[in-house]
Amino acid sequence: MRARAAVVLTATPDASPMLAHFDVHFRQLIERAKSRADRVIIVRQPWFANAQSPEELALMWHGGIGQAWKEEVTTFYSLEVLSNLMSQLDWRAAAIAEDLGVEHLDLMPVIDAGAHTYYDFFHATPNGARVIAAAVAETVLRAPAVGGRAVPVRRIEAAFHADALQLARRAS
């Protein structure tokens, strides 16, 4: 659908209202989780930020204006716009987690961007899901971080190391 776009927008209106809405509701969600759990870990949403090849670009359907499941969408926001908005949301999620003293896991440095790990802008392939699962398992199995700091996770290559597989198996 994106490949047939008649219009590709390279700017958005001010994102402040969206970020403010996210802030209110994300804080409420975290507070509710904290009231019901001994440990809360925010796993931040990764995205395919650097689609370059025609094959990778063909996977991207997000950012359309309209209802793609009901109609042909012909206007899209550029991938740069989507990446910028995701960066703003991710930064806000990290700041809120820090403010509320909740651990958070940044998956962007953990998962390689590519068609082998993403099948579109947000969703992981089975290989990408294994990498994410191993990073989450590693985080859950280690001692809680102090003060909600970002959880450092060693880079897990797409080849999926044997020790990461063992961690994922222990977590299941």
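Computed from the coordinates by the stated procedures, all read-outs in this text should not be read as laboratory data. In this text, all values refer to a predicted model and were calculated from it rather than measured experimentally. Here the Cβ is made from the backbone with ideal geometry for all residues, glycine too, and neighbour counts use every protein chain on show.
Here the Kirkwood formula, the inverse mean of 1/r across different C-alpha pairs, assigns segment 10-146 a hydrodynamic radius of 16.7 Å.
Taking R0 as 41 Å, what FRET efficiency do you get between Glu71 and Leu141 from their Cβ-Cβ distance, rounded to the nearest 0.05?
Numbers: r = 46 Å, r/R0 = 1.12.
Once rounded, the FRET efficiency stands at 0.35.
Based on the reciprocal of the average 1/r between different C-alpha atoms, the Kirkwood radius for segment 65-114 equals 13.5 Å. Sorting 81-89, 100-108, 54-62, 5-13 by their mean Cβ neighbour count within 10 Å, with the most densely packed peptide first, gives 100-108, 81-89, 54-62, 5-13. In segment 1-84, taking the dipole from charged Cβ atoms about the Cα centre, the farthest positive-side position among Phe48, Ala68, Phe26 is held by Phe26. Taking the fewest neighbouring Cβ atoms within 10 Å as the starting point, the ordered list for Glu98, Glu80 is Glu80, Glu98. Extending each Cα 7 Å along its Cβ direction at Ala95 and Gln45, get the distance between those two points in nm, one decimal. Placing both labels 7 Å along Cα→Cβ, they lie 1.8 nm apart. Anisotropy class assigned to segment 9-55 is oblate, per the alpha carbon gyration tensor with a/c at or over the 1.5 cut-off and a/b no larger than b/c. The alpha carbon centroids of segment 125-139 and segment 55-82 are separated by 26 Å.
Of the trypsin sites (Lys or Arg not before Pro) found in segment 18-96, those in coil by DSSP whose Cβ has at most 16 other Cβ atoms within 10 Å are Arg39, Lys70.
Note on segment 1-91: Kirkwood radius taken over Cα pairs, Stokes-Einstein applied at 10 °C and 1.306 mPa s, translational D equal to 103 µm² s⁻¹.
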